[in-house]
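The values are calculated or read from the model by the stated rules, or taken from the named source; none is laboratory data. These numbers come from a predicted model, not from an experiment. Heads up, the Cβs are rebuilt from the backbone with ideal geometry, glycines too, and the neighbour counts pull from every protein chain shown. Each accessible area value is taken on the protein alone, full model and side chains, heavy atoms only, with ligands, DNA and RNA left out. Shrake-Rupley method; radii C 1.70, N 1.55, O 1.52, S 1.80 Å.
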Amino acid sequence: MNKRITIFLLALAVSAASAGAQSRAWDILREFVLIPGVSGHEGPAADYVQKMLPAGLKTERDAMHNVWFTVGSGKPHILFVAHVDELGWTVDRITPEGRLRVKPGGGILPQTVEARPVLVHTGRGPVAGIVAPRPGYDARPAQGETPEAPFTAESFDIYLGVGTEAEARALGVAEGDSVTAKKTITDFAPGLMAARAVDDRAGCAALLDAVLRLKPDAVKGKTVTFAWDVQEEIGLFGAAELAKTLKPDYVFAVDTFVSTDSPLESKRLAFLPVGKGAVLRAIDSSNVTPKSEIRRVLALAEKRKIPVQVGNSRGGNDGSVFLAGGAVDIPLSWPGSYAHSLIEKIDRRDLEALADLILAIVAEWK
Amino acid sequence: MAHRVARALGMITAVAGIAAAAAGAADVRTVTKALFAVPSTTGNEHELAAKIRGLLPKDLAVEEDGLGTVAVRLSGPAGPILVLAALDGYGHMVSGITPDGYLTVDRPAAPPHARFDAYLLGQPVVVTTAKGPVRGVVSQPAMHLLTQERRKALVEGFSLETAFIDIGVRSDREARAKGVDLLDPVTYPAVLTELAGGQWAGPDLGMKAVAAVLVDIAAGHRPGPAGGAAVIAWAAQTKFAARGRGARPALGAARAKARWQPPRALIVDVVAAGNGDGVPVPGGGPVLIQAKDEPSPLQQAFIKLAADLRIPVQSLTAAVSPLALPFAGPPSEVLTVALPVRFLNTPSEVVDLRDLQALRDLLGAFLAKGAGQ
């Protein structure tokens, strides 16, 4: 047994003894969604991942803040990857009036943050602000008036409560600081919630939970890498960096399945209901999963009585950047309503089924 | 001699008023936070009314009307006068439940501006039911699945026609089991954001802050020399327009006038500020608003009182608001004293705590000293 496996097994033994077999994914998710991590600013989120992993486990972390560890040896090499970054903005400049102009960091509807609180994550801690409503928001447009300009991240500004650039800088605000929505968790019922950054902190939480519940003998005869990567929302850049050194045979990207389980959307695709189990993404905008692999995952889930749904949707996944290197990409998910919003919805049962599915794959994938 | 004594007594009363105001410096903020947490929309003011009643001294007799207006009488030199503030904010209510458990939404009154409903898109909301608050979100389409056409229709064209509240259930039966019923108020969660420069932001914060000022004053009021009763009223249904010919006054204000028939009325309201076009300026003090650019005894009294107390005030000539409309013209004399609010009638109304304190001090001193007599 090599040294890497020995350290991992010791760490897991300690972890398993303290945590037992109960899933902690839900509690981890509720804590993790509140930690800021706009693409390119993932330091605190990467810190959280490393803090949650079993003590003594040797992880790697690169300059981008990708975090990963590998255990076991031999074939196949399986990679699980979830992204820690979230949608948000970056301070572009501070106006003479002390307001902030921002650059967008991924697809979030600007209208949904108009006149809403945000947090600017400065070197001295978070500073609260309000996205100023569009000028003349309360005016009644005259008939025949030219339609107003669209409300975009490039056009809005953030009010901090100060009136000059110097006052804004005195708060610690600087160009390059990240900005997130001020997050709240909406609890519909125990085990059903909505929040910003469920995409992809739920995937991260499922991976962390799986690691914490992993039995020491599960990784025999194969190589398994768990990775929490960065900058997915702006172009899969963290995964691309990992792909330079990691050459898995199979990659299981764990990320949101954009579900149409909502009253506004056509059910012609992506209609996988929230609460009906984990998801295997058959097709998305970046990958077509081989049918043979879909059948293998479903057989495994059936054997372990894990509810799994299969669907096609849109959006990319981190696994797709490993395709060119020879990997087979099998994206795993949960059904997520209202993706890329302040109210991303998730059911605890789906999250725990996802973590169970990850554990099953680690133990039985050949 | 008598004049000097009266003046000295007046100064002592004013100083006492300031001292009382200073003593209540923390209280008006505490009361504001307490009221901020309570939802109150037109026709659904009962929870805020109950909260206000609970904060008032037990020895004050509380008057109520059939619509939910709450009032108390304060003896002292300021009366007879009606001091009127709103008990209701703009908001939404449940208008129906779909077979699959989503709630549809309507408004009890016309919106304050054309974009008001659009703020609902993709937001957490609270439905206040007979069984307690139910948390929900207003559905929005997933970005990944939006074509340009759908984006235009569902996002840029968002209206109450496409506003569905998801409360995490799958049927109307489950929704009703949670206590949801028609007309239940729909509001944003009361999340207060503390900004730099001593400013607070939150939904309906302006109206709640104004109501809190009067609660704090009433709670700390000590009877002074007799002069008649000042009626302090928090009026329900002020966003609902009374029907009739011509201008449409606020229903709650029209009922208050009919009930108390005051010779003078002081409307305590909010006013949009910080739009970059001059007065009113947030942080510049309470705003004295009159319909005509002519001095009135009440306005002059407030300007003098503010000068004596070194409280900054701003003056504005503007069209009479629906709240003041029933009192416009003889035999009433009316003045609006307003709290400047940045981003008024958005989900993040910003209040400068200096203005809040100044409004409390000014009105507290007025009721204690009785300026304008």
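Some points to look at:
- Inter-label distance for residue B:182 and residue B:315, nm, one decimal - labels placed 7 Å from Cα along Cα-to-Cβ: 5.2 nm
- Comparing mean-square fluctuations of A:149, A:170, A:21 from a GNM of chain A with C-alpha springs under 10 Å, the top value falls on A:149.
- Cα gyration tensor shape for region A:279-366, rounded if a/c is under 1.5, else prolate or oblate: oblate
- P(r) for chain B, from all Cα pairs and a bin width of 10 Å, is 5, 23, 32, 23, 11, 5, 1, 0, 0 %, short bins first.
- In chain A, taking the dipole from charged Cβ atoms about the Cα centre, the farthest positive-side position among A:312, A:28, A:226 is held by A:226.
- Efficiency of FRET from Cβ geometry, residue B:192 and residue A:148, R₀ 22 Å, rounded to 0.05: 0.15
- Residue pairs exceeding 25 angstrom between C-alpha atoms, taken from A:345/B:152; A:182/A:276; A:220/A:345: A:182/A:276; A:220/A:345.
- From phi via Karplus (6.51, -1.76, 1.60), per-residue ³J(HN,Hα) for region A:159-166 in Hz, x at Gly/Pro: 8, 9, x, 10, x, 9, 4, 4
- Beta-bridge orientation, chain A: approximately 65 percent antiparallel, per DSSP, counting only bridges with both partners inside.
- Anchor residue B:131: lysines whose Cα lies under 21 Å away (excluding residues fewer than 8 positions away in-chain): B:51, B:178
- From the alpha carbon centroid of region B:170-243 to that of region A:158-186 is 29 Å.
- Mean-position separation - Cα centroids, region A:291-349 and region B:273-322, in angstrom: 61 Å
- Put simply, when B:118-126, B:343-351, A:179-187 are sorted by average Cβ atoms within 10 angstrom per residue, most first, you get B:343-351, B:118-126, A:179-187.
- Backbone HN-Hα couplings from phi across region B:86-94 [Karplus 6.51/-1.76/1.60, Hz, Gly and Pro as x]: 7, 9, 10, x, 5, x, 10, 8, 6
- Rounded to whole Å, sorted largest first: equivalent-ellipsoid semi-axes of region A:208-279, Cα gyration tensor: 30, 19, 11
- Under 28 Å from residue A:222, Cα to Cα: lysines that are on another chain or at least 8 residues apart: A:3, A:51, A:58, A:75, A:244, A:247, A:291, A:303, A:305, A:366
- Across peptide A:310-320, the average count of Cβ atoms from other chains found within 10 Å of a residue's Cβ is 1.
- Inter-chain Cβ neighbour average for residues B:193-200, partner chain, 10 Å: 6
- Residue A:62 paired with residue B:153, simple spin-label distance in nm, labels 7 Å along Cα-to-beta-carbon: 4.3 nm
- Calculated P(r) of the protein assembly as shown - Cα pairs past 52 Å, %: 22 percent
- Using θ = phi - 60° and Karplus 6.51 cos²θ - 1.76 cosθ + 1.60, couplings along region A:122-137 (whole Hz; Gly, Pro as x): 9, x, 10, x, x, 10, 7, x, 10, 5, 5, x, 4, x, x, 4
- Counting, for every residue in A:156-162, the Cβ atoms of other protein chains within 10 Å of its Cβ and taking the mean gives 4.
- Accessible area (Å², 1.4 Å probe, nearest 10) - residue B:248: 100 Å²
- The order of the peptides B:71-78, A:316-323 by mean Cβ neighbours within 10 Å, most packed first, is A:316-323, B:71-78.
- Whether region B:144-257 is rounded, prolate or oblate, judged on the alpha carbon gyration tensor where a/c under 1.5 counts as rounded: prolate
- Cross-link partners for residue A:215 among the aspartates and glutamates, with Cα-Cα distance under 19 Å and sequence neighbours closer than 8 places in the same chain left out: A:352, A:356, A:364.
- The residue A:164 and residue B:328 beta-carbon pair, evaluated with R₀ = 25 Å, returns a calculated FRET efficiency of approximately 0.05.
- Solvent exposure of region B:117-190, expressed per residue, is 43 Å² of accessible area, with all protein chains present and a 1.4 angstrom probe.
- Here, region B:193-275 has an Rg and a Dmax of 16.1, 46 Å when only alpha carbons are counted.
- Prolate/oblate/rounded label for region B:85-157 (Cα gyration tensor, a/c 1.5): oblate
- The GluC sites (Glu not before Pro) found in region A:31-72 include none that occupy coil by DSSP while having at most 12 further C-beta atoms within 10 Å.
- Residues listed by number, region B:73-112, amide nitrogen under 11 Å from residue B:161 label point at 7 Å toward C-beta: none
- Loop-located GluC sites (Glu not before Pro) in region A:278-366, at most 13 other Cβ atoms within 10 Å (DSSP): none
- Estimated at 0.36 nm per residue, the fully extended path between residue A:31 and residue A:324 surpasses their Cα-Cα distance by 101.9 nm.
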